[in-house]
Amino acid sequence: MKNVDDLIASAAELADRGLSKGEIADELNVSRETASWLVERSGAATEPEPQVEPDGPDDIHVDWNAIGSGGKRLTYVGRALADLLMETNGEADVTVGIEKAGVPLATSVSRELETTLAAYSPAKHQWDEGDIEDLGGGFSRNFSPVEGRNCFIVDDTVTSGTTLRETIDAIRSEGGEPLACVVIVDKQGVEEIDGVPVHSLINVVRVGEQ
């Protein structure tokens with residue numbers, strides 16, 4: 001398990017490689033606020049983030065490298081995610097993976113469910129400073145379209161639900177129908193987003209004072 005110093009060092013390394021803070025948040029499975037705080041603490045930030053408390057944001061780091069580093073383990077987890085989706089959500093035509101970490105998981109799910117595969121890059125990958133609302137995501141043309149199709153959405157973690165909501169909206173804007181979302185870890189206890197059910201293999205629940 002990584003401690004805070006490890007995360008700060010990882011954030012510095014990713015920042016030095018040119019990743020945006022949104023990409024760093026995605027790589028470390030933390031919120032954007034946490035990513036900003038880690039980068040600032042590492043000394044790689046050029047501007048302070050006054051909205052973040054000095055003691056650090058309230059967040060949970062999820063490290064699933066033991067799954068992602070093994071193709072066989074990743075396949076097994078993909079099968080478990082597919083099993084969750086098959087229980088109550090009907091049949092989908094497309095499995096949508098949210099880049100980056102959601103795509104290999106979605107690949108395994110799509111294989112198990114015999115659907116086509118789509119890939120969505122969220123706005124947070126472009127976010128560094130300023131208003132993320134001014135940015136937009138998009139679907140990769142190298143994968144399946146979602147127009148007129150029923151879709152499952154796959155990602156690794158839920159931190160705030162913002163990325164899942166963005167993906168749901170993007171599918172609907174393209175004329176598709178999101179049936180359900182599935183993740184490995186839900187850090188917020190989200191059961192549904194905009195009428196779309198959210199399933200997870202693991203739910204994290206905080207106990208005690210925040």
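The values are calculated or read from the model by the stated rules, or taken from the named source; none is laboratory data. All values reported here derive from a predicted model rather than from experimental measurement. Using ideal geometry, Cβ is built from the backbone for each residue, glycine included, and neighbour counts are taken over all protein chains shown. What goes into the accessible areas is simple: the full protein's heavy atoms, side chains included, and nothing from ligands, DNA or RNA. Shrake-Rupley method; radii C 1.70, N 1.55, O 1.52, S 1.80 Å.
Mind listing whichever residues of the range 105-126 are open to solvent by 20 Å² or more (accessible area, probe 1.4 Å), on the phi < 0 side of the Ramachandran plot and at pLDDT 95 or above?
Across the range 105-126, the qualifying residues are Thr107, Arg111, Glu112, Leu113, Thr115, Thr116, Leu117.
Can you report the number of residues in the range 166-184 which are of a type in the set (D, E, K, R) and in a helix (DSSP H, G or I)? Before you say what the answer is, go through the steps one by one.
If we filter the range 166-184 for residues that are of a type in the set (D, E, K, R), which is where we start, we get 166, 169, 172, 174, 177.
Next, only the ones that are in a helix (DSSP H, G or I) stay: 166, 169, 172.
Number of matching residues: 3.
Which of the residues belonging to the range 63-87 are more than 15 Å from the chain's Cα centre (by Cα), closer than 19 Å to His199 by Cα and open to solvent by 30 Å² or more (accessible area, probe 1.4 Å)?
Ile67, Thr75, Tyr76, Arg79, Ala80, Asp83, Leu84, Met86, Glu87
Go through Val158, Val204 for me and flag whichever is open to solvent by 20 Å² or more (accessible area, probe 1.4 Å), at pLDDT below 95 and in contact with a Lys or Arg (Cβ under 7 Å, 6 or more places away or on another chain). Full working, then the answer.
Details: Val158 fails: open to solvent by 20 Å² or more (accessible area, probe 1.4 Å).
Going through Val158, Val204 in turn, the sole match is Val204.
Quick check, is Val39 under 20 Å from Ala123 (Cβ atoms) and at pLDDT 70 or above?
Details: under 20 Å from Ala123 (Cβ atoms): yes; at pLDDT 70 or above: yes.
The answer is yes for Val39.
Sort out which residues of the range 161-190 are within 21 Å of Val77 (Cβ to Cβ) and either exposed (fewer than 14 other Cβ atoms within 10 Å of the Cβ) or among the polar types (S, T, N, Q) (or both), and write them in order of number.
Within the range 161-190, Thr163, Thr167, Gln188, Gly189 meet the criteria.
Considering the range 71-84 alone, what residues qualify as being touching a strand residue (DSSP E or B) at 6+ places or on another chain (Cβ under 9 Å) and within 15 Å of Gly102 (Cα to Cα)? Show your work before the answer.
Here is the first cut: in the range 71-84, the residues touching a strand residue (DSSP E or B) at 6+ places or on another chain (Cβ under 9 Å) are 77-78, 80-82, 84.
If the condition is that a residue be touching a strand residue (DSSP E or B) at 6+ places or on another chain (Cβ under 9 Å) and within 15 Å of Gly102 (Cα to Cα), then Val77, Gly78, Ala80, Leu81, Ala82 are the ones that fit.
Keeping to the range 66-100, report how many residues are part of a loop (DSSP other than H, G, I, E, B) and among the hydrophobic types (A, V, I, L, M, F, W, C). Steps first, answer last, please.
Start the filter on the range 66-100 by keeping residues that are part of a loop (DSSP other than H, G, I, E, B), which leaves 69-70, 89-93, 99-100.
Checking the rest, the ones that are also among the hydrophobic types (A, V, I, L, M, F, W, C) come to 92.
The qualifying residues number 1.
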